[in-house]
Amino acid sequence: MPNAIHCAGLTKRYGAVTALDDLRLDVPAGAVFGLLGPNGAGKTTLLRLLTGLAHPTAGDATVVGYDIATGGVGLRQRISVLEQQPNYYGWMRGRELLEFTGRLFGLRGAELRKRVDETLATTGLTEAAQRTIGGYSGGMRQRLGLAQALINRPQVLFLDEPASSLDPAGRHDILRRIAELRGQATVFMSTHILADVERICDHVAILNHGKLVVAATVAELQERYARPTYEIELEPRQDEGADALEALLRAAPWAEGVTRAGDTLRVGARDIRAASYALAPLCAQAGVAVARLERGRPSLEDIFLRLVGEPTAQVDPEEVA
Amino acid sequence: METQVLAGFGALLGKELREAWRTGRLPVTLVIFFILGALSPLAAYYTPELLKNAAGSSGIQVIGLTPTLKDAIGQYVKNVGGNGFLIAILLAMGSIAREKERGTAAFTLTKPVSRLAFLAAKLVGLLVTLGLGMLCATAVAYAYTVYFFGVTPAGRFAVMALLVWLALVAFMALTFLASALTRSTVVAASLGFAAWLALALLSIWPQMAPNTPNGLFDAAQAVALSQTPTHLGQSVIVTSALIVATLIVTQVVFARQELTGSAT
């Protein structure tokens, strides 16, 4: 599969701060690619470099074969961008913004009207098309943002935290619409919401402190960092027992990454044999009644926390891309 | 067909003109200039009469106050030129800075448009707004001047208006540059005002006055009164050069600038 995006040693410095450090990354064409990283990891910087809004300090990159430094109008004809908090001309009507955007892409006449109607329908904005953007809600703005980004049928669609400011319903809606683009365009989406990536992305890269930590398909990542994880769901109202069990798990030599959410504890196992022998006795020792005890697949969150979220976690450099 | 250098210019200019109208910028500018233009001959004609009336009631005798065409022309230059600079600064201050501040510049410039086209569309939009305002002021001022002071050469009146417009464009261009340098409309306006102040102070020095846009005001007045203006060519050349140089610097600055989304 050819690469839609190719970064070779891409570096961006702001004075003494290195926002992006020698990034080498390939994004296959047609992929829904999730760029993960904590705040300040360099995700937005990378998006700004790839879309021509900022200039690299060193290295280079191509997007659909165009050099980002010299691609200019030809490159921007083939891409689209949706900002984290899209801000458009508040005096325009929704339809007007799409017509304006279409004209910037060289669309005119019947073809322009057809594309505008299509994108309004795709994003569920047909009824709101004649309202001024100043009166749109956050969710409607985000959908309008997606509509303007789709009007040119881009080869690569850049999305910066597309769902982070939306309520659950709005988030579900926008993610569904992004997932529908699979195969039609390459989607390059930066986010720190791991559940979103897990839901719609097939490829993932993790950035931390401007450096690439890992890049792989979601399946490869889960395979590569598969660490047996146990989930223990306790019967309700056993707070003291849950505290005791959590303390016992944290002290166990085979356990790592103990987390707790309500009545459910999750624990990673360095030694699966030791864990399978020890878990039931530890529950008994803590005096808790167990509703469910099961071994699960590691989630993207487990992998992310292991790679960037745990200061003590040591990542084998050979494991890292 | 637009070249790559000016890619998107037509669509961007259309947006600028619609924005000027829909946000009220153009109508407000027209109204203000209309008032400034109308006031000029009216003030010239009625001020002596008002002074005489005021002086008469206090027992002071006022002599030699007969309104003339020169007064009307002087009032036009003072009103339209002297106040117009403020409108020029207000129009230009947010043209680029506001779009950078709100993130709409980043939105537009990730589309297949050149930065030169982005700036050119904004500049033409501003020139059209200021030009229509000046047209409005000049038309009403001319009509009242003819009514109160008799036949006045229309061509000379138009040349006077063009010279005043050129001076205002210089202040607009300086603020346009300031707007490209910053993300804040207030800072852009302050820089524009500082530039105007510096040029105004410079023009107090008689030898330097022809080398500033303010030098055009005296020349404009002389042209309208069928007199021979001193330093007309010099003032036009210097002001035009200042405008062109400022716009070139604006393009160079803006072309290299890194843009971000909306300020959060």
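The values are calculated or read from the model by the stated rules, or taken from the named source; none is laboratory data. Note that this is a predicted model, so its numbers are computed, not measured. Positions of Cβ are generated from backbone atoms using ideal geometry, with glycine treated the same way; all protein chains shown enter the neighbour counts.
Residue-wise test of (1) touching a strand residue (DSSP E or B) at 6+ places or on another chain (Cβ under 7 Å); (2) at pLDDT 95 or above; (3) surrounded by 23 or more Cβ atoms within 10 Å (Cβ to Cβ); (4) charged (D, E, K, R).
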{"site": "B:L163", "(1), (2), (3), (4)": "no, yes, yes, no"}
{"site": "B:A170", "(1), (2), (3), (4)": "no, yes, yes, no"}
{"site": "B:F176", "(1), (2), (3), (4)": "no, yes, yes, no"}
{"site": "B:L181", "(1), (2), (3), (4)": "no, yes, no, no"}
{"site": "B:S184", "(1), (2), (3), (4)": "no, no, no, no"}
{"site": "B:A200", "(1), (2), (3), (4)": "no, no, no, no"}
{"site": "B:A209", "(1), (2), (3), (4)": "no, no, no, no"}
{"site": "B:L225", "(1), (2), (3), (4)": "no, no, no, no"}
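Report every pair of residues separated by at least 6 positions or lying on different chains whose Cβ atoms are under 8 Å apart, first residue within the range A:79-102 and at the interface with chain B (Cβ under 7 Å from one of its Cβ atoms) and closer than 18 Å to B:L12 by Cα, second polar (S, T, N, Q) and surrounded by fewer than 20 Cβ atoms within 10 Å (Cβ to Cβ). Final answer for the pair search is A:N87/B:T104; A:N87/B:S262; A:Y88/B:T104; A:Y89/B:T104; A:W91/A:T132; A:W91/B:T23. Note on the range B:104-219: enclosed helices (runs of 4 or more DSSP H) holding 1 or more residues that are under 28 Å from B:A72 (Cβ atoms) are B:115-149, B:154-181, B:185-204. Cβ separations smaller than 8 Å between residues 6+ apart or across chains give the following pairs from the range A:144-158 residues that are facing another protein chain (nearest Cβ under 9 Å) to residues that are surrounded by fewer than 24 Cβ atoms within 10 Å (Cβ to Cβ) and among the aromatic types (F, W, Y): A:N152/A:F105. Is it the case that the range A:57-76 has a residue that's within 11 Å of chain B (Cβ to nearest Cβ), free of Cβ contacts under 8 Å to residues at least 24 places away in the same chain and touching a helix residue (DSSP H, G or I) at 6+ places or on another chain (Cβ under 6 Å)? No, because not a single residue in the range A:57-76 is within 11 Å of chain B (Cβ to nearest Cβ), free of Cβ contacts under 8 Å to residues at least 24 places away in the same chain and touching a helix residue (DSSP H, G or I) at 6+ places or on another chain (Cβ under 6 Å).
For the range A:118-127, filtered to residues that are part of a loop (DSSP other than H, G, I, E, B) and touching a residue at least 12 places away in the same chain (Cβ under 8 Å), the residue that is nearest to B:K15 (Cα to Cα) is A:L125. When you check B:F254 against the structure, is it within 14 Å of chain A (Cβ to nearest Cβ) and modelled with pLDDT of 95 or more, yes or no? Spelling it out, B:F254 is indeed within 14 Å of chain A (Cβ to nearest Cβ) and modelled with pLDDT of 95 or more. A residue that is closer than 30 Å to A:D160 by Cα and either touching a His at 6+ places or on another chain (Cβ under 8 Å) or of a type in the set (A, V, I, L, M, F, W, C) (or both) occurs nowhere in the range B:153-167.
Across the range B:207-227, not a single residue is classified as closer than 30 Å to A:T45 by Cβ and touching a Ser or Thr at 6+ places or on another chain (Cβ under 6 Å).
Just to be sure, is A:A286 free of Cβ contacts under 8 Å to residues at least 24 places away in the same chain and surrounded by 19 or more Cβ atoms within 10 Å (Cβ to Cβ)? In short, no.
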